[in-house]
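Asker: Dropping a structure here in structure tokens format, bear with me for questions.
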């Protein structure tokens with residue numbers, strides 16, 4: 001039995017709509033057609049909605065008269081296309097692996113706007129970040145700090161660091 005005609009079409013999510021044929025659309029793309037063409041699961045992102053959200057964040061903080069920097073978390077979803085969107089919208093980028101760093105740099109993302117997170121960074125990843133003049137590196141341990149210092153000294157370079165502090169509090173309350 002086909003219940004298509006009985007489905008209520010009052011969708012209240014930004015970007016979603018039901019077309020004249022009763023098919024679900026996202027940002028004017030027919031989701032049935034996309035699933036038939038690409039299979040499922042099929043992840044669909046709207047460039048216009050992503051750009052709109054970036055601009056809303058910037059506008060919101062700009063109105064507050066504070067110094068701010070907005071970082072897109074690359075671990076959420078990072079492709080060359082996403083790097084280009086983030087770059088064009090003026091955001092900085094948070095990467096958490098050498099692969100994400102490589103992806104960002106391969107798009108011409110400004111290295112000074114990259115924040116390199118990630119625990120257990122390898123010597124190779126740290127050296128790569130330092131050679132590419134990444135803006136900021138998050139440090140997770142004394143061992144990592146010493147490794148960064150040694151590699152930076154050898155390369156005769158410097159990098160801004162941020163130290164992540166964990167209070168060692170037992171959360172089993």
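Throughout, read-outs are computed from the coordinates displayed, never taken from laboratory work. Everything numeric in this text was worked out from a predicted model, so none of it was measured. So basically every Cβ, Gly included, is an ideal-geometry build from the backbone, and we count neighbours across all protein chains shown.
Asker: Using a Förster distance of 25 angstrom, determine the FRET efficiency expected from the C-beta separation of residue 51 and residue 31, and round it to 0.05.
Answerer: 0.75
Asker: Based only on Cα atoms, what Rg/Rh ratio does the chain have, Rh being taken as Kirkwood's radius?
Answerer: Ratio of gyration radius to Kirkwood radius for the chain: 1.11.
Asker: Sticking with this structure for a sec: Build a GNM of the chain with springs between Cα atoms under 10 Å: which of 95, 139, 66 gets the top mean-square fluctuation?
Answerer: 66
Asker: For the stretch 11-52, just say rounded, prolate or oblate: build the C-alpha gyration tensor, square-root its eigenvalues into a ≥ b ≥ c, call rounded for a/c under 1.5, and beyond that prolate if a/b exceeds b/c, oblate if not.
Answerer: Verdict is oblate for the stretch 11-52.
Asker: Let me ask something else. If I build a Gaussian network model for the chain, linking alpha-carbon pairs within less than 10 angstrom, which residue out of 74, 118, 39 has the largest mean-square fluctuation?
Answerer: 39
Asker: Further, regarding this structure: Taking the alpha-carbon centroid of each part, what is the distance from the stretch 8-55 to the stretch 88-104 in angstrom?
Answerer: 26
Asker: Rank these for me by crowding, 37, 113, 20, going from fewest to most other beta carbons within 10 Å.
Answerer: 20, 37, 113
Asker: Oh, and also: Given the rule -39500 (n - 2.57) for each run of at least 4 DSSP H residues, summed and divided by the residues of the chain, what is its mean residue ellipticity at 222 nm, to the nearest 500 deg cm²/dmol?
Answerer: Value at 222 nm, helices only: -11500 deg cm²/dmol.
Asker: While we're on this one: Based on other C-beta atoms within 10 Å, arrange 169, 79, 103 from fewest to most.
Answerer: In order of increasing Cβ crowding within 10 Å: 169, 79, 103.
Asker: Sticking with this structure for a sec: Share of antiparallel DSSP beta bridges in the chain, in percent to the nearest 5?
Answerer: If I count the DSSP bridges inside the chain, around 30 percent turn out antiparallel.
Asker: Stretch residue 149-residue 169 to full length: gain in nm at 0.36 nm per residue minus the Cα-Cα span?
Answerer: 4.4 nm
Asker: Specify the residue with the greatest mean-square fluctuation among 23, 80, 53, computed from a Gaussian network of the chain linking alpha-carbon atoms under 10 Å apart.
Answerer: The residue with the greatest mean-square fluctuation here is 23.
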